[in-house]
1. Specify which of the listed residues (ARG54, ARG24, ARG47) is of a type outside the set (Asp, Glu) and within 16 Å of the chain's Cα centre (by Cα).
2. Quick check on my filter: what residues within the range 131-145 are assigned to a helix (DSSP H, G or I) and either touching a Cys at 6+ places or on another chain (Cβ under 7 Å) or among the basic types (Lys, Arg) (or both)?
3. Just checking, does the range 28-35 include any residue being modelled with pLDDT under 90, within 27 Å of GLY99 (Cβ to Cβ), polar (S, T, N, Q) and surrounded by 13 or more Cβ atoms within 10 Å (Cβ to Cβ)?
4. Select from the range 1-55 the residues that are aromatic (Phe, Trp, Tyr), more than 20 Å from ARG132 (Cα to Cα) and in contact (Cβ under 8 Å) with a residue 40 or more places away in the chain and list them in ascending order.
5. Give just the number: which of (1) at pLDDT below 95; (2) crowded, with 20+ Cβ neighbours inside 10 Å does ARG86 not satisfy?
6. Considering only the range 109-138, state which residues are farther than 22 Å from GLY99 by Cβ, surrounded by 14 or more Cβ atoms within 10 Å (Cβ to Cβ) and charged (D, E, K, R).
7. Could you please let me know if ALA152 is of a type in the set (A, V, I, L, M), more than 27 Å from GLU70 (Cα to Cα) and modelled with pLDDT under 95?
8. Determine which single condition GLN50 fails, assuming it passes every other condition in (1) over 23 Å from ARG108 (Cβ atoms); (2) surrounded by fewer than 16 Cβ atoms within 10 Å (Cβ to Cβ); (3) at pLDDT below 95.
Amino acid sequence: MRCAAPGDARALYDGVLETLAELRAWGSSLPWALAEPSVQASERYCRESQGEFRAGKSLPMLLWLKTTGEFVGCCGLHGLDGRGGRLEIGYWCRRHYQGLGLMSEAVRSMTALALGELGATCVDAIIDTQNRASRRVCEAAGYRLAQDGNEAPGRIRYMASRD
């Protein structure tokens with residue numbers, strides 16, 4: 001797991017293209033997936049992500065398989081620049097690696113970082129109500145359903161906290 005960097009665009013683009021139908025199914029939670037993908041858009045994302053990382057605003061990480069170096073997906077923490085100790089996590093997994101527990105592992109790791117070293121009091125995952133795979137990721141990573149009525153229609157919130 002490491003921050004997106006210039007030069008990662010092709011791997012990111014290939015992963016998005018392979019998984020585009022699944023990503024677009026959850027367009028209300030992943031609006032970026034509705035745009036037409038391109039290597040140029042992926043390169044722009046990598047550069048912007050690195051800027052956000054360097055500015056301390058977010059931790060947009062790309063996931064790579066340790067054994068082969070193949071791109072697996074993305075997992076990021078957002079809101080580091082001030083939400084009163086509350087962060088949001090976002091993630092998606094390349095189709096080829098779905099169902100293997102890799103994203104649950106990444107979410108657990110990022111959540112431990114957020115609640116530990118970064119000092120967050122809680123981490124929210126806002127997902128589409130019907131996205132069962134994402135719900136399983138949250139549950140496997142120790143998140144609990146935390147509806148409070150403030151979610152947008154069609155979305156639910158899972159939360160992990162220090163307690």
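1. On the way: ARG54 fails: within 16 Å of the chain's Cα centre (by Cα); ARG47 fails: within 16 Å of the chain's Cα centre (by Cα).
Result of the check over ARG54, ARG24, ARG47: ARG24.
2. ARG132, ARG135, ARG136, listed by residue number.
3. Taking every residue of the range 28-35 in turn, at least one turns out to be modelled with pLDDT under 90, within 27 Å of GLY99 (Cβ to Cβ), polar (S, T, N, Q) and surrounded by 13 or more Cβ atoms within 10 Å (Cβ to Cβ).
4. Once the filter is applied, which keeps residues that are aromatic (Phe, Trp, Tyr), more than 20 Å from ARG132 (Cα to Cα) and in contact (Cβ under 8 Å) with a residue 40 or more places away in the chain, the range 1-55 yields TYR45, PHE53.
5. (2)
6. Residue satisfying the conditions is ASP124 alone.
7. Values: of a type in the set (A, V, I, L, M): yes; more than 27 Å from GLU70 (Cα to Cα): yes; modelled with pLDDT under 95: yes.
Against the criterion (of a type in the set (A, V, I, L, M), more than 27 Å from GLU70 (Cα to Cα) and modelled with pLDDT under 95), ALA152 qualifies.
8. Result: GLN50 passes all but (2).
The values are calculated or read from the model by the stated rules, or taken from the named source; none is laboratory data. As the structure is a computational prediction, the values presented were derived from the model and not from experiment. Don't worry about glycine lacking a Cβ; one is built from the backbone with ideal geometry, like all the others, and counts go over all protein chains shown.
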